[in-house]
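Remarks on the structure that follows.
Just so it is clear, none of the values below were taken in a lab; they were calculated from the coordinates. Bear in mind the structure is a predicted one, so any value in this text is a computation, not a measurement. Quick reminder, even Gly has a Cβ in these numbers, built from the backbone with ideal geometry, and neighbours come from all protein chains shown.
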Amino acid sequence: MGALSFAGVKPALATALFRDGALSLPRAAALAGMPVSAFAAHLSRLGIAVVRLDAQEAARDMDTLDAWLAASS
């Protein structure tokens with residue numbers, strides 16, 4: 001196929017679809033033919049956020065963590 005490698009097409013497509021919000025992380029990893037952890041590392045190397053939280057979601061998560069830590073002390 002010339003300069004374009006078939007081996008790179010699926011990961012590139014999966015990356016674009018994940019970045020655009022069309023696929024979840026597990027589905028994009030499956031399309032890329034990679035374990036979720038490896039695909040997450042791949043995205044991270046490209047500067048693509050794996051976890052997308054707005055400020056309110058992040059604050060709720062921090063409150064939940066604080067409550068859990070307080071309860072387990």
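Residue-wise test of (1) under 21 Å from the mean Cα position of the chain (by Cα); (2) hydrophobic (A, V, I, L, M, F, W, C); (3) within 16 Å of G21 (Cβ to Cβ).
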{"position": "P35", "(1), (2), (3)": "yes, no, no"}
{"position": "A38", "(1), (2), (3)": "yes, yes, no"}
{"position": "L43", "(1), (2), (3)": "yes, yes, yes"}
{"position": "L46", "(1), (2), (3)": "yes, yes, yes"}
{"position": "D54", "(1), (2), (3)": "yes, no, yes"}
{"position": "R60", "(1), (2), (3)": "yes, no, no"}
{"position": "L69", "(1), (2), (3)": "no, yes, no"}
{"position": "S73", "(1), (2), (3)": "no, no, no"}
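Of the residues contained in segment 9-19, none is found to be touching a Pro at 6+ places or on another chain (Cβ under 9 Å) and not hydroxyl-bearing (S, T, Y).
The residue that is surrounded by the fewest Cβ atoms within 10 Å (Cβ to Cβ), among those in segment 21-73 that are touching a Pro at 6+ places or on another chain (Cβ under 9 Å) and not aliphatic (A, V, I, L, M), is G33.
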